[in-house]
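Written out below as structure tokens is the structure these notes cover.
Please treat every number below as a calculation from the coordinates, not as lab data. What you are looking at is a predicted structure, and each value in this text was computed from that prediction instead of being measured. Heads up, the Cβs are rebuilt from the backbone with ideal geometry, glycines too, and the neighbour counts pull from every protein chain shown.
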Amino acid sequence: MKIAEHIKNSIDACGAKEMEKAMLFACIAVDGTAKRTYPGVTKVGERFRKFVNEHLDIIELMFGGIDLKETVFPFKDAKGNLGIKFADIVYEKFRCSLAHGDELPDGYGVSVQIAEFHQQFVIDIEKQSMTMPQSVTYALGLACVLAPANADQKIGNNHYHYRDTINTYVVDRWWGKAACARQIMDFDAQVRVKMDFSNVWPSS
């Protein structure tokens, strides 16, 4: 299946409020885009995280409000190490579970947005889990659409689009145009809050 189909399916699933399905297709799109972008990187997890981390500026803008580069969440990673970054959460908690047909770990999920640009983002310190906002699917999807490696993709329907706070990106007109998009994205007005969990960091 082409990356364009994964993007289409993710947007369609959001429209139907099927959030896990939307996240699954967004993660698969990242998988395929990362493989195209870094053909020399053979480990799936390594190239997935690399792609997310190298596109955090776009992802943060679409995600909304949080400094995803600097924030370390007080949860354990797959190896049991305490302290996990955004790319690790997306890969380990969401991508791996959904792609393997497993249920998401207890307490993890994707919430339906309240209204456009009004998202729900929940971090449960006690249960060591988090609920991502619906915008995470848009953030990951737009990063894939804009990636130069996907310049050859097409959905074949101009009804599919993403929006940030000031711009609309008709998907089939923006494949591969990350450099152009970064020139019109309103990074200067963007709110980026580094979340500090030092007062609730688990002791073990």
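If you take every residue apart from Asp67 with its C-beta less than 9 Å away from the C-beta of Asp67, what net charge results, scoring Lys and Arg +1 and Asp and Glu -1?
Taking every other residue near Asp67 into account, the sum is +1.
Counting 0.36 nm for each residue step from Met195 to Val112 and taking away their Cα separation leaves a gain of 27.7 nm. Residue order for Tyr108, Tyr38, Tyr169, fewest other beta carbons within 10 angstrom first, comes to Tyr38, Tyr108, Tyr169. Helical runs assigned H by DSSP (4 residues or longer) give the chain a calculated mean residue ellipticity at 222 nm of -11000 deg cm²/dmol, each run adding -39500 (n - 2.57) before division by the residue total. Put simply, the amide H of Lys76, placed in the peptide plane, has neighbours under 5 Å in Gly83, leaving out anything fewer than 5 places away on its chain. Kindly provide the pair-distance distribution of the chain built from C-alpha pairs, with 10 Å bins from 0 and whole-percent values in order of increasing distance. Values per bin, smallest distances first: 9, 37, 39, 14, 2, 0.
Note on Lys17: aspartates and glutamates with a C-alpha under 17 Å away, same-chain residues under 8 apart excluded, are Glu116. Per-residue Cβ neighbour counts within 10 Å put Thr33, Thr71 in the sequence Thr71, Thr33, beginning with the fewest. A straight chain from Lys69 to Lys2 at 0.36 nm per residue would run longer than the Cα-Cα distance by 21.2 nm.
Beta bridges per DSSP, both residues in the chain: antiparallel share near 65 percent.
Each listed q (0.21, 0.22 Å⁻¹) maps to a log10 I(q)/I(0) for the range 40-122 from the Debye sum over equal C-alpha point scatterers, namely -1.21, -1.30. Residues in the range 131-148 carry Karplus couplings, in order, of 10, 6, x, 3, 4, 5, 5, 5, 4, 5, x, 5, 4, 5, 4, 7, 4, x Hz; the curve used is 6.51 cos²θ - 1.76 cosθ + 1.60 with θ = phi - 60°, and Gly or Pro positions show x. Convex hull volume of the Cα atoms of the range 148-204, normalised per residue: 167 Å³. Using only the C-alpha atoms, the convex hull of the range 39-79 corresponds to 95 Å³ per residue.
Net charge of the neighbourhood of Ile3, taken over other residues with C-beta under 12 Å away and scored Lys/Arg +1, Asp/Glu -1, is +2.
In summary, the aspartates and glutamates within cross-link reach of Lys79, defined as a Cα separation below 12 angstrom excluding same-chain residues under 8 places away, comprise Asp88, Glu92.
Counting other Cβ atoms within 10 Å as a rough exposure proxy, the listed residues Asp188, Asp31 run Asp188, Asp31 from fewest neighbours to most. With respect to the cross-link table entries Lys85/Lys177; Lys50/Lys76; Lys21/Lys93; Lys85/Lys127; Lys35/Lys76; Lys85/Lys154, which display a Cα-Cα separation exceeding 22 Å? Cα-Cα > 22 Å for Lys85/Lys177; Lys35/Lys76; Lys85/Lys154; rest within.
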